[in-house]
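Since the structure comes first, as structure tokens, the remarks are kept for the end.
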Amino acid sequence: MYIKPEYRSKGIGRALFRHVEAALTGEVSYLMLGTATKNWKAILHFYLEELGMEFWSARLFKKLS
């Protein structure tokens, strides 16, 4: 799912996530999500605290000159 910047912070992503979650409950065991953002604190808060996901792993990057 991708929410265009002008539509963010309006609950659209949360509603879409909840819809997919409800549609798949009983059909699959896990949802796995990939995301990319510079604001990692906000995205972790959103997915972990607000949507109840669990943190399993991380992929970290460091740009070298």
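If you fit an axis through the alpha-carbon atoms of helix 12-24 and take the longest principal axis of the Cα set of the chain, what angle between them do you get, 0 to 90°, nearest 10? Compared with the principal axis, the helix lies near 50 degrees. The label point for Glu21 and the one for Leu60, both projected 7 Å from the Cα toward the Cβ, are 2.8 nm apart. Cα convex hull of the chain: how many Å³ per residue? That works out to 115 Å³ per residue. Each residue of segment 35-40 is assigned a 3J(HN,Hα), and the resulting list reads 8, 9, 6, 7, 8, 5 Hz, derived from the Karplus form 6.51 cos²θ - 1.76 cosθ + 1.60 (θ = phi - 60°), x at Gly and Pro.
None of the figures in this text is laboratory data; all of them are computed from the coordinates on show. Source: prediction; values computed, not measured. Glycine also receives a Cβ, built like all others from the backbone with ideal geometry; neighbour counts cover every protein chain displayed.
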